[in-house]
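What follows is a single structure, written as structure tokens, with notes after it.
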Amino acid sequence: MPAVIYIFSLCTFTFGLSEFVVAGLVSAISMDLHESISQVGSAIAAYALGAAIGAPIITALLANWRDKTLLLLTLGVLAAGSVAISLAPDVLTLHGVRFIIGLAHGVFMAVASNAAVKLVDPVRAGRALSLVWMGLTLSIAFGVPLGTFFGSYWSWRMVFLAIGGLGLISTLGLVLLMRQQPR
């Protein structure tokens, strides 16, 4: 299995953590931003809406772009957006940035899934795809509980700074391990 597929898994872990960790941090975010739990909780829906739009619509609009370019762009949105969330002064900023990261998440999942299948022999396509999506599963099983713990121990803002750092590490992995492919 090409090493870049494991990097895809790290990327999906990071996107998944960004998406789902808010559920465990909603009380801390609510107290810090002086907003209701339901207002902060709706940031989960903002992310999901972005992903639902990003996957089919934006991916289709950018179909002529190279895979590596799209993947790096979406990871840049994740890293920068995570830092922006850590600095969010209000719930409106939180919602807006999470929607934008959700758009990138939808595009990343579609493009990475397709790229992983193209990088291996057809007989190994299922395994490659499962490795890509394994990161999302691991983020739910392990990342969210750890993020919730660290968010309550330190700060929810530090959790999003850490997600931004994981986004940068993922980006570096793609830069180093993914060859540029034809369109």
**Prompt:** If T59 satisfies every condition in (1) in a helix (DSSP H, G or I); (2) modelled with pLDDT of 95 or more but one, which is the exception?
**Reply:** (2)
**Message:** Just to verify a result, which residue in region 147-161, among those that are without any contact (Cβ under 8 Å) to a residue 24 or more places away in the chain and in contact with a helix residue (DSSP H, G or I) (Cβ under 9 Å, 6 or more places away or on another chain), is surrounded by the fewest Cβ atoms within 10 Å (Cβ to Cβ)?
**Reply:** F149
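Yes or no, residue by residue, for (1) without any contact (Cβ under 8 Å) to a residue 24 or more places away in the chain; (2) out of contact with any Pro (no Cβ under 9 Å at 6 or more places or on another chain); (3) closer than 24 Å to T137 by Cα; (4) not in a helix (DSSP H, G or I):
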{"position": "G24", "(1), (2), (3), (4)": "no, no, yes, no"}
{"position": "S38", "(1), (2), (3), (4)": "yes, yes, no, no"}
{"position": "Y47", "(1), (2), (3), (4)": "no, yes, yes, no"}
{"position": "I53", "(1), (2), (3), (4)": "no, yes, yes, no"}
{"position": "L71", "(1), (2), (3), (4)": "no, yes, yes, no"}
{"position": "V77", "(1), (2), (3), (4)": "no, yes, yes, no"}
{"position": "A88", "(1), (2), (3), (4)": "no, yes, no, yes"}
**Prompt:** (1) surrounded by 17 or more Cβ atoms within 10 Å (Cβ to Cβ); (2) of a type in the set (G, A, S); (3) at pLDDT 95 or above: which one isn't true of G54, the others all being true?
**Reply:** (3)
**Residue identified as in contact (Cβ under 8 Å) with a residue 12 or more places away in the chain, closer than 12 Å to F15 by Cβ and in a helix (DSSP H, G or I) among V132, V117** = V132
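The values are calculated or read from the model by the stated rules, or taken from the named source; none is laboratory data. Predicted model, so just to flag it, every value in this text is computed and none were measured. Reconstructed Cβ throughout: ideal geometry from the backbone, glycine too, with neighbour counts over all protein chains shown.
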